[in-house]
Amino acid sequence: MKPAPFKYVIARTLDEALAAKADYGDEARFLAGGQSLVPTMNFRMATPAVLIDINPLSELSGVKENGITRIGALTRYRMLETDPVIAKRQPIMREALPHIAHPQIRNRGTLGGNLSHADPASEMFPLFLVLFGVGDETKISVAAFGAILVILFNVAYGVMNARKTRLLAAKVMGASRLRVLFDVMLFESLPQTFVGLRNGVSLALVIIVVAEMFIGSQDGLGHSVFEAQQLFEMPRMYAAIFAAGALGYGLNLIFLMIERRFVHWSGK
């Protein structure tokens, strides 16, 4: 099969990527390596109306060492495989990377995209299991890594679109940079920040459920779904799926209620 028709937009700066996402909303998907997204589009499992190509965003790619090792979300497997910092600081990762998928996939696939899509075929979960150990810490670490990019994008968009008139008014009245940051910029960016939090918590829940299914967890909703499926206990399996859906809806509703309570100016 072939993907449904879509519009292709290339973002050459982070501001352009955020603006395009704001313009097209939920109809748009970001395109990085495409190793998870494109196959789902070919099977019509995903039908985005717009693809925003973020490959030119070099600031989101690469490995940096400044006391701790920081890996950009757009860093490709091949870059990690040959990076001297990874070889020195994360030798286990360096040894595991050549065994992930095929060279063609490693040349295109990105670490952030792999985890953000929560692809059940993802081969990075075992690596995170080795790095972080067995237990809840592993699931939390993987979920946090997958959700952080969604939240950061929304925070950046909220800051970028803060109303200029309010910022100028604060400066004219002699407010210091610290006052502008906390009394104006913070409140201006809160509505979009809560959008990121709602999307991030939903994505984190998906990643945790998938992690429980495929990294050998002994409990959790994902484990219950997988175990019930293997034992052909259909009522139990669907009950766990319903519980996961209800939990996601409940978490989203809680964040929405908090937003309406404390960010009552949102949308006005």
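Brief remarks on what is shown
- Residue in region 158-166 that is assigned to a helix (DSSP H, G or I) and crowded, with 17+ Cβ neighbours inside 10 Å present: yes
Condition check ((1) in a helix (DSSP H, G or I); (2) touching an Asp or Glu at 6+ places or on another chain (Cβ under 7 Å)) across all residues:
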site	(1), (2)
GLN218	no, no
GLY222	yes, yes
ALA228	yes, no
PHE232	no, no
TYR238	yes, no
PHE242	yes, no
GLY248	yes, no
LEU253	yes, no
GLU259	yes, no
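- Given (1) of a type in the set (S, T, N, Q); (2) more than 23 Å from LEU37 (Cβ to Cβ); (3) at pLDDT 75 or above, number of the condition THR138 does not satisfy: (3)
- In this structure, ALA49 qualifies as outside the structural domain of ILE151 (by TED's automatic domain parsing), more than 25 Å from VAL210 (Cβ to Cβ) and among the hydrophobic types (A, V, I, L, M, F, W, C).
- Meets criteria (in contact with a helix residue (DSSP H, G or I) (Cβ under 8 Å, 6 or more places away or on another chain), over 19 Å from GLY146 (Cβ atoms) and of a type outside the set (Val, Ile, Thr)) for GLU27: no
- Selected residue (only one of ILE86, ILE10, ILE105 is in contact (Cβ under 8 Å) with a residue 40 or more places away in the chain, in contact with a strand residue (DSSP E or B) (Cβ under 8 Å, 6 or more places away or on another chain) and not aromatic (Phe, Trp, Tyr)): ILE10
- Residues being without any contact (Cβ under 8 Å) to a residue 12 or more places away in the chain and more than 14 Å from PHE187 (Cα to Cα) - total across region 240-266: 8
- Among the residues of region 76-120, those identified as of a type in the set (S, T, N, Q), part of a helix (DSSP H, G or I) and surrounded by 16 or more Cβ atoms within 10 Å (Cβ to Cβ) are ASN114, SER116.
- Residue, farthest from the chain's Cα centre (by Cα), within region 167-184, restricted to residues that are closer than 26 Å to VAL150 by Cβ and surrounded by fewer than 18 Cβ atoms within 10 Å (Cβ to Cβ): LEU167
- Selection within region 8-33 - crowded, with 17+ Cβ neighbours inside 10 Å and either of a type in the set (Val, Ile, Thr) or assigned to a loop (DSSP other than H, G, I, E, B) (or both): VAL9, ALA11, ALA32, GLY33
The values are calculated or read from the model by the stated rules, or taken from the named source; none is laboratory data. The shown structure was predicted, so the numbers you read here are calculated from the model rather than taken from an experiment. Because the Cβ atoms are built from the backbone with ideal geometry, glycine has one as well, and the counts that use them run over all protein chains shown.
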